[in-house]
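Readers should treat all values here as calculations from the given coordinates under stated rules, not as data from a laboratory. Computed from a predicted model, the values in this text were never measured in an experiment. Note that we place each Cβ from the backbone using ideal geometry, even for glycine, and neighbour counts take in every protein chain shown.
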Amino acid sequence: MRGGAIPILSWGTILLVLAVGNWVWNDRTVSGLAASGAVAIIYLFGLAVWLARRDAIRRGPPEARAEPESVPQASLAAVGIGLSVGCALFGLAWAKFLLDFGIALFIVSVGRLALEIRAERASRAAVLEESERP
Amino acid sequence: MSMATARTAGVPRMTGWLGAVTSTDHKRMGVTLGVCSLFFFLLGGVFALLMRTQLAQSNMHFVSDNSYNELFTMHGSTMIYLFVTPMAIAMAVYLVPLQIGATRLSAPRLCLAGLWTWLCGGLVMQQGWFASGGAGRTGWSSYAPLSNGTNTPGVGQDLWVIGVILAAAGMLVMAACVVATIARRRAPGMSLLRMPVFTWTELVSMLMVVGAFPMLVLVMILLYIDRHGGHIFTGFAGAIDYQDLFWFFGHPVVYVMFFPYLGAAAEAVAVNSHKRWFGYIAFVISIMVFAALSMAVWSHHMYVTGGVTNQYFAFTSTALLVPAGIEYFDVVGTLIGGSIVLRTSMLFALAFFLQFLIGGLSGIFVASPVLDYQAYGTYIIVAHFHYTLFAGSIFGFFAGVYHWFPKITGALLRERLGKLQLLLMLVGTNLTFFPMFFLGNDGMPRRVSRYPTHPGWGTLNELETIGAGIIALGVLTFLFNVFVSLRRRVPAGDDPWLGHTLEWATTSPPPPLNFEAPLPPIRSYAPLLDLRHEQIDRARQRAELTAS
């Protein structure tokens, strides 16, 4: 994890320099806003990585972590979410019922996602409990 | 880090085909995305062949003008949104966790949702062929006001817009997962400056996707609203605003379609030269600067509009030469003194660098506003971007395929068929795209379905059509090679090329959590090469001790 945010923030800084050049040299607001928008997105992404783990801006190789981690093998919910978004947008242009179907599928898929995440947490807790047992 | 496989209590376990399509294993997702992209590549190739047949001679009537517009729009859109970019992401999803010693991808469910959103986008876009009025027909960039509801009515164009939104959103999500994986899941010891060259190229590409693709989603939503009475891109200012916003995505994506294949070619060159990649740190810095600059050059597509400040964009576009030069310097440095083996992957990699050079050098000319005014709208531009996108990306892609196919499938591809494919593709590519420079110089405009009889144009166009057919033969040879190699497998073993990076430290194909044996110590960006050198040194010392 160490250093994970460094390339993102460094790259954002190079973009920032170029965006400033754009604002100074170019008189189009849309152009400057587009460049600044990208800088903001990259900085926010870097910030999110940093906030997720504080050592993300510390240099040096990552260290080994001991805690167990649950690994999902499959997710019908994720497929459902992808399909529902596609279906709903397709329905915008093709047939209204697909829009309704897409929205319904999205709600069902989010419900299923909640079940999957709960099951994953339960299995992790079980492994932790097992490892702590003498 | 110990792993606990989630026993899905309360959630039924999925097996068979359902298990395959819902798998959150990054390798499965990478292969699914890659195979779907390859299908779209073949589809886009068929569109190209139909276009080239129409242009084989002057005043042909093989397809109607409207169909030709649909063909070139769907060819470009399919290749960019549905093949080259997603294939770069597929390679990242499959290979990056292996190269950094991670057991899995970060946020795999999000990645899977992105994969299916992208696939829906591709299918929705192609659905346009069955719509009344036909598929999208305003080019892959769909400039407003040409693409507004008045000038291009019909469901087909709407489906194109929605397809692009879905495909872009899906790719954006997958790219974010790859960046998060690099940020959070590197193996112990894998510092940033020990990441392989390919991983670095994927990292900057995925950062570009994260930075630029939201703009594509936004501009397509605005275009959809505009098409349905929103009146957003109206008048001269509206047209310029559309182009400004579109190219903010449109130029970075060119590099998203280049860097990962550059990384693949670089890995192939280093491994087949039995040498470390030369100038690693300079390469990493140059690729970061290259990627940032490529997000600051977009308005060079708009020089002729008179609506942008040409000086800034000419400066940044020309500055691209510096990092590009460093990369070529690194390739030459790696080759010098290397123990070179001319396997198919190496030959494709060398062809990639040479072919891309033609695209890059012609790019210097069109980066200059004065020269671009002359070249704009002619076949010179078509030649330039096909040398960068087709010759650049595809040759790097095949270098990667021949390099990593044994890791993915456990079987070797046939070398002779590979070399035949390379020959066909080299001849085909240059026969198709090089004459375009002459046609463009002679004033032949792009995006025309028919051209008048003009001295020389007919012959050059005929040559290009023959070249396109030869490329198709090359692709068929590749498909045959894959079929034969999977049918009559020659086992590859875990590390058939004496690879440098961690993916070669595991089995072929890798197990579910990637690595069963402990990882080798990671002290540089080529840990397996380090290990081999240490073993050689130890053996030499032992031999010296025995002798003494």
query = Per residue of chain A, what 222 nm ellipticity follows from adding -39500 (n - 2.57) for every DSSP H run with n ≥ 4, rounded to the nearest 500?
reply = -26000 deg cm²/dmol
request  = Could you pull out every whole DSSP H run in chain B that spans at least 24 Å of Cα extent along its own axis and averages 0.5 or higher on the Kyte-Doolittle scale?
outcome  = B:26-54, B:108-127, B:155-184, B:197-225, B:344-367, B:415-441, B:457-487
task = Just need the Rg to Rh number for the protein assembly as shown, please, alpha carbons only, Kirkwood Rh.
result = 0.97
request  = Could you work out the mean projected area of the convex hull around the alpha carbons of chain A, in square nanometres to one decimal?
outcome  = 13.0
query = What is the Cα centroid distance between region B:228-242 and region B:407-439, reported in whole angstrom?
reply = 43
inquiry  = If I model chain B as equal point scatterers sitting on the Cα atoms and use the Debye formula, what is log10 I(q)/I(0) at q = 0.10, 0.13 Å⁻¹?
reply    = -0.82, -1.40
note = Here the equivalent ellipsoid of region A:6-57, derived from its Cα gyration tensor, has semi-axes (largest first, whole Å) of 26, 10, 5
Taking region A:6-57 and dividing mean pair separation by its residue count, relative contact order in percent (alpha carbons under 8 Å, at least six apart) = 46
key: chain B, helix-only ellipticity at 222 nm - DSSP H runs n ≥ 4, -39,500 (n - 2.57), divided by all residues, nearest 500   = -21500 deg cm²/dmol
ask   = Fewest to most neighbouring Cβ within 10 Å: what's the order for B:W160, B:W247, A:W25?
value = A:W25, B:W247, B:W160
key: Cα-derived Rg to Rh of region B:410-548, Kirkwood definition   = 1.26
The protein assembly as shown - charge dipole about Cα centre, Lys and Arg +1 at Cβ, Asp and Glu -1, debye rounded to 20 = 1340
request  = For region B:81-144 and region A:35-89, write down the distance between their C-alpha centroids in whole Å.
outcome  = 18
ask   = Hey, in chain B, which Cys have no second cysteine's beta-carbon closer than 4.7 Å?
value = B:C36, B:C120
